[in-house]
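Undergrad: Below: one structure in structure tokens.
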Amino acid sequence: MPRYRYSPEALTAAAAEARSIAEVLRLLGIPMSGGSHAHISRQLKRFGIDTSHFTGQGHSRGVRGRRQASSQILVRLPPDAARTPGFRLRRALAAIGVPERCETCGLGPRWQDAPLILHVDHINGDRLDNRPPNLRLLCPNCHSQTATFAGRARAQVGAPASSDLSARSESGDGLPDAATLVGQVSAGHMTTVEAARLLGCTRDHVSRLRRRLDATGTIAPRTRIRDRPVQHRFRDSVIRFALAHPEAGSRKIAEALTDASGTGAAISHRTVQVILREAGLTTAEARRSRLSRSAGVA
């Protein structure tokens, strides 16, 4: 490690200009390290150099931060922007002369001799639309009665099925193309929040569609063989296997028939259960009884 030489005068001049030990090191051209920091600190004490003006990590202590103008806050934000905190919106509204009282009931900033924080309500439910005509101050009671409170305007009961979203793309009624929107989310050109708002579904559903699009190239769900055709196709095979293996359960039968088909066609264990229930062969005793009757054994 190289040794850095400096006179007490140079150390005094650097300390007078700096606000921390780290800044003294930078002014003296000494690389930052724990050992150098401790050494300079000892030298300052050794020579009795004044450090009472050092602020340490509080570099902005006593300095008022710059505030954004209300014209910069009360604007419509881009889709990928973070929401503006409520206190900042309230301050901007106060700056343009909006009175601090509930727009519906007239309640002011105090309730029962205690401070009351009024809520900033986005009238259209879009929390990125901070334009003054879309904002109003409401007390908590009045805010809870609005149609957009807690995302009511954005959320719908249950996410729409993928087939419904696909139908939107083909309906030609001007609704957004679901596959295109999900593709924009995958490409990073749109957030899941914005896509969910345009599609009228939840963010989780958009994420599922995105994973499906990345894996299969389409948002449409995989085509499944309906239970009734599968039952007709596998009914005889299920019954034969169950009679040949009385102790086999529905899962074992389903796995065996899936492997034996060799075509990739699968049958679920629930479908096997339905077939066995309709045939009266759900238990080993019932299967043995059927075999006994077939063999003519009393």
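Nothing in this text is a laboratory measurement; each read-out follows from the coordinates by a stated rule. Not measured: the values here are computed from a predicted model. Note: ideal-geometry Cβ built from the backbone for every residue, glycine included; neighbour counts use all protein chains shown.
Undergrad: Residue 136's amide H: which non-local residues (gap 5+, or another chain) put their own amide H closer than 5 Å, with H modeled 1.01 Å from N in plane and none for Pro or chain starts?
TA: 121, 123
Undergrad: Residue separation times 0.36 nm, minus the C-alpha to C-alpha distance between residue 233 and residue 123: what's the value?
TA: On the way: separation 110, 0.36 × 110 = 39.60 nm, distance 5.69 nm.
The span from residue 233 to residue 123 would gain 33.9 nm if fully extended.
Undergrad: Right, another one. So for 40, 123, fewest C-beta neighbours within 10 Å to most, what's the order?
TA: 123, 40
Undergrad: Right, something else. By how many nm would the segment from residue 198 to residue 66 lengthen if fully extended, with 0.36 nm per residue of separation less the alpha-carbon distance? Could the numbers behind the result be given before it?
TA: Numbers: separation 132, 0.36 × 132 = 47.52 nm, distance 3.58 nm.
Full extension from residue 198 to residue 66 adds 43.9 nm.
Undergrad: To continue, here is another question. How do the peptides 133-143, 273-283, 76-86 rank, highest first, by the average count of neighbouring beta carbon atoms within 10 Å per residue?
TA: Highest to lowest by the protection proxy: 133-143, 273-283, 76-86.
Undergrad: Follow-up question, since we're still on this one. How many angstrom separate the Cα center of the range 101-120 from the Cα center of the range 65-92?
TA: 22 Å
Undergrad: So how much slack lies between residue 278 and residue 293, counting 0.36 nm per residue of separation and subtracting their Cα-Cα distance, in nm?
TA: 3.6 nm
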